[in-house]
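Taking it in order: structure first as structure tokens, then the write-up.
The values are calculated or read from the model by the stated rules, or taken from the named source; none is laboratory data. Every value quoted in this text rests on a predicted model; they were computed, and no experiment measured them. Quick reminder, even Gly has a Cβ in these numbers, built from the backbone with ideal geometry, and neighbours come from all protein chains shown.
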Amino acid sequence: MVLDGRVQPKLIIHGGAGSSLKGKGGVEVVRHSLFKVVEEVYAFLLSGASALDAVVRGCELLEDDPRFNAGTGSVLQSDGQIRMSAALMDGDRRRFSGVINVSRVQHPIDLAQTLQNSPDRVLSDYGAAELLRELQIPSYDALTDLRLQEWIQERQENFVKTMAGVVAEQELVEPSNARRGTIGVVALDEQGRLAAGTSTGGKGFERIGRVSDSAMPAGNYATAHAAVSCTGIGEDIIDECLAGRIVVRVTDGLPLLVAMKRSFSEAQEHQRDFGVIAIDATGAIAWGKTSEVLLAAYHDGQQIGDTLEMSEEPIVQGLGDGG
Ligand code: ASP
């Protein structure tokens, strides 16, 4: 919808997908956390903020919420360290930036934002640490007691050995054990510009050096036509090149919901485990999941809604003209 030359802003955010809401405090607690962020970021969009700035703000707020696996509250990797990844894509300028496996920073998304205007736009561990130093960003400990206890519990067997395995053993990285989480934000601003951001602590217990989909165009992608953020098992998302695939389909002319449904039915042939949030340039909002739950909430210009009580079956749904 366009009023006085201004587009009605749209917003959708997620706090991950997975098998249950129990570990996160239940439906009402998660809803409260997500709605607070939607309210603040939607008001920011209404005040004239760009989609890119709104996405960064939303990611920062979600990174600060220890309930979600990004920033504060990130899960630990196989060696007990936190390494976070984040990406930002400006659909208007079709520009991707990101950081991979960065430690000791409160808001990994801020690094991705800084890199939007750099000739080198994706930095990994050592390079990202150098950037932190250059920007004089204070060192931050993202570890929470809950995450430490989870790791210790999972690693109990290791402490009877003389040496802990520093590389994840196969049985500990089975998808059913993975600590799925991640946060993402997709926005359409008053000028009709789209952006997407995604930030994660990863799957949990992964091998050192494992690279998450969240800092790849497979997990976070946008053009002037559509913007998508994914969550779930990163390897599944990479194999489907999911965010890129949906966005390219919309860019080629498919309605958003049709593009999502087609991409999901292809993915389901391979038993993928993930969730997706998306917005297109017409203002259509869509979400979908193959996992049991998707922790997402949105503002469609009239009201706030969420996806917390959807059926456990794989599903793709949407609002607006995208399908
Ligand atoms: N996609 C993230 C990863 O595999 C995890 C998640 O979304 O929960 O690193």
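Entry remark, the stretch 228-241: residues being more than 8 Å from the ligand (Cβ to nearest atom) and touching an Asp or Glu at 6+ places or on another chain (Cβ under 8 Å) number 3 in total. For the stretch 254-286, the candidate set comprises residues that are more than 14 Å from the ligand (Cβ to nearest atom) and in contact with a His (Cβ under 8 Å, 6 or more places away or on another chain); within that set, the residue that is farthest from Leu34 (Cα to Cα) is Ala281. Any chance the stretch 80-96 includes a residue that's farther than 19 Å from Arg207 by Cβ, touching an Asp or Glu at 6+ places or on another chain (Cβ under 6 Å) and of a type outside the set (Ser, Thr, Tyr)? Checked the stretch 80-96: no residue is farther than 19 Å from Arg207 by Cβ, touching an Asp or Glu at 6+ places or on another chain (Cβ under 6 Å) and of a type outside the set (Ser, Thr, Tyr). Would you confirm, using the coordinates I've provided, whether Gly48 is of a type in the set (Gly, Ala, Ser) and either closer than 13 Å to Gly201 by Cβ or part of a helix (DSSP H, G or I) (or both)? Answer is no for this residue. Residues in the stretch 309-318: is at least one of a type in the set (S, T, N, Q) and within 16 Å of the ligand (Cβ to nearest atom)? Within the stretch 309-318, not a single residue is of a type in the set (S, T, N, Q) and within 16 Å of the ligand (Cβ to nearest atom).
Only a single item in (1) more than 14 Å from the ligand (Cβ to nearest atom); (2) hydrophobic (A, V, I, L, M, F, W, C); (3) in a loop (DSSP other than H, G, I, E, B) is not met by Val55, and it is number (3). Select from the stretch 164-192 the residues that are modelled with pLDDT of 90 or more and surrounded by fewer than 21 Cβ atoms within 10 Å (Cβ to Cβ) and list them in ascending order. Within the stretch 164-192, Glu190, Gln191, Gly192 qualify. Determine, yes or no, whether Ala49 is touching a strand residue (DSSP E or B) at 6+ places or on another chain (Cβ under 9 Å) and closer than 20 Å to Thr231 by Cβ. When the stated conditions are applied, Ala49 does not pass them.
Out of Thr251, Thr223, which single residue is within 20 Å of Gln113 (Cβ to Cβ), of a type in the set (Ser, Thr, Tyr) and more than 16 Å from the ligand (Cβ to nearest atom)? Going through Thr251, Thr223 in turn, the sole match is Thr223. Against the conditions (1) in contact with a Pro (Cβ under 8 Å, 6 or more places away or on another chain); (2) closer than 15 Å to Gly184 by Cβ, Leu62 satisfies every one except (1). The criterion of at least 1 residues that are within 24 Å of Ala218 (Cβ to Cβ) and of a type in the set (A, V, I, L, M, F, W, C) is met by the following helices (runs of 4 or more DSSP H) wholly inside the stretch 76-165: 108-115, 125-135.
Here is the figure for the stretch 195-215: residues that are more than 10 Å from the ligand (Cβ to nearest atom) and of a type outside the set (Gly, Ala, Ser) total 3.
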